[in-house]
Amino acid sequence: MKSHHESTKVYGNVFRGESRKRRRKILYGKLSLVLMGLILLVMGITYTFSGITHWIKMMVAPPPIAIIKQPVQLGLIQSSPDSKEQPTRFLGQVSKVAYITFDDGPSKYTGQLLDIMNQYEARATFFMVGENLDHYPEAVKRLVKEGSYPGLHSMTHSYKKLYKSGSPDNFLNEFKEVQNKVEALIGYKPYLIRAPYGSSPQIGEAFRGDIAAAEFKMWDWTTDSLDWNLPGQPNKIISRIQRGVHRDIEVILMHERKQTVEVLPQILKLLKAKGYEFEVYNPNEHVVVNFSHDPRL
């Protein structure tokens, strides 16, 4: 039989053993909590950092190309207006327009000029002298039928008769007469005129007012080829046009001459290479092209 001292010793050892087990369990529990806390902390930091990084990328980096709106969608590009006073723009690019014009017809060269223009799917504006209409009426009908415009260039092309009388009466009467002659051929009155020798300096402000009151519109030009004065010198004609054309809208002055027929294909190729489109005068989309920049004309 065990003594009281021995029993106490046994029970004491058992108690201490169970106590140590409980302390270990508590310690392991605390360590587990700390470890879980650390894991959660690391995960939180990682998630937060990832979110911040994504936010920074979104703020700094450009959006994908697929979602960049085009200028049309943003309302930055307007549809083409009826007026052609301002060149049409598309995505920042300017549409360059060349108006080919021929003076002093109709003539034996009118048909050849039209043939060449047709090859390049282009049309022209012909400023015609009344004295020539009786000799080439079919040329006038053809150019209108094919889409060119019948402009007016007086009856006589005489500087003295048109400008030296002291009044605009002779000028206006000649243009009304040639207008009527063209109407008899094509069935309607054209109102676009070109003053022989140009409008400056012989046509002043009051004179321009009288022209406008007669309901005429008047074109000068932006580039003069001087083709009339350069027979047999095609390179000089091309060189003048090469140097002269640089505007968004060009009105190019040429004449019905043999040398013009010879060089016209090269001129059209040159203008196309410079990015120009060919247009013909349209009275419903009038462009102001006079040396005085008079909006009445």
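Every residue in region 256-277 that is touching a strand residue (DSSP E or B) at 6+ places or on another chain (Cβ under 6 Å) and open to solvent by 20 Å² or more (accessible area, probe 1.4 Å), please.
Of region 256-277, the ones touching a strand residue (DSSP E or B) at 6+ places or on another chain (Cβ under 6 Å) are 256, 260, 271, 275-277.
Matches in region 256-277: Gly275, Glu277.
Inside region 245-297, can you point out the residues that are on the phi > 0 side of the Ramachandran plot and not small (Gly, Ala, Ser)? Write out each step before concluding.
Going through region 245-297, the residues on the phi > 0 side of the Ramachandran plot turn out to be 275, 293.
The answer is His293, and nothing else.
Is it fair to say Asn170 is loosely packed, with under 15 Cβ neighbours inside 10 Å, in a helix (DSSP H, G or I) and not hydrophobic (A, V, I, L, M, F, W, C)? Explain how you work it out, then say what you get.
Working: loosely packed, with under 15 Cβ neighbours inside 10 Å: no; in a helix (DSSP H, G or I): yes; not hydrophobic (A, V, I, L, M, F, W, C): yes.
So Asn170 fails the test.
Quick check: anything in region 196-210 in contact with a His (Cβ under 6 Å, 6 or more places away or on another chain) and either open to solvent by 40 Å² or more (accessible area, probe 1.4 Å) or at pLDDT 95 or above (or both)?
Of all residues in region 196-210, those in contact with a His (Cβ under 6 Å, 6 or more places away or on another chain) come to 196.
Retained after the next criterion (residues that are either open to solvent by 40 Å² or more (accessible area, probe 1.4 Å) or at pLDDT 95 or above (or both)): 196.
Scanning region 196-210 turns up at least one residue that is in contact with a His (Cβ under 6 Å, 6 or more places away or on another chain) and either open to solvent by 40 Å² or more (accessible area, probe 1.4 Å) or at pLDDT 95 or above (or both).
From the list Asp115, Asp82, which one is exposed (fewer than 13 other Cβ atoms within 10 Å of the Cβ), of a type outside the set (Gly, Ala, Ser), farther than 29 Å from Asn173 by Cα and at pLDDT 95 or above?
Residue meeting the stated conditions: Asp115.
Working only within region 196-227, note down all residues that are closer than 18 Å to Ser148 by Cβ and part of a strand (DSSP E or B).
Passing the criteria: only Lys217.
Can you find a residue in region 280-291 that is surrounded by 18 or more Cβ atoms within 10 Å (Cβ to Cβ) and not in a loop (DSSP other than H, G, I, E, B)?
no
Return the total of residues in region 180-195 being touching a strand residue (DSSP E or B) at 6+ places or on another chain (Cβ under 7 Å) and either in a loop (DSSP other than H, G, I, E, B) or open to solvent by less than 10 Å² (accessible area, probe 1.4 Å) (or both).
Initially, region 180-195 is screened for residues touching a strand residue (DSSP E or B) at 6+ places or on another chain (Cβ under 7 Å), giving 182, 186, 190-195.
This time we only want the ones that are either in a loop (DSSP other than H, G, I, E, B) or open to solvent by less than 10 Å² (accessible area, probe 1.4 Å) (or both), so: 182, 190-195.
Residues that pass the stated criteria total 7.
From the list Lys236, Lys217, which residue is within 30 Å of the chain's Cα centre (by Cα) and either open to solvent by less than 30 Å² (accessible area, probe 1.4 Å) or closer than 17 Å to Pro283 by Cα (or both)? It would help to see each step written out before you state the result.
Details: Lys236 fails: either open to solvent by less than 30 Å² (accessible area, probe 1.4 Å) or closer than 17 Å to Pro283 by Cα (or both).
Unique residue meeting the criteria: Lys217.
The values are calculated or read from the model by the stated rules, or taken from the named source; none is laboratory data. Quick caveat, the model's predicted, so the values are computed rather than measured. Neighbour counts run over all protein chains shown; Cβ positions are idealised from the backbone, glycine included. We work out accessible area using only protein heavy atoms, side chains counted, and drop any ligands, DNA or RNA first. Shrake-Rupley method; radii C 1.70, N 1.55, O 1.52, S 1.80 Å.
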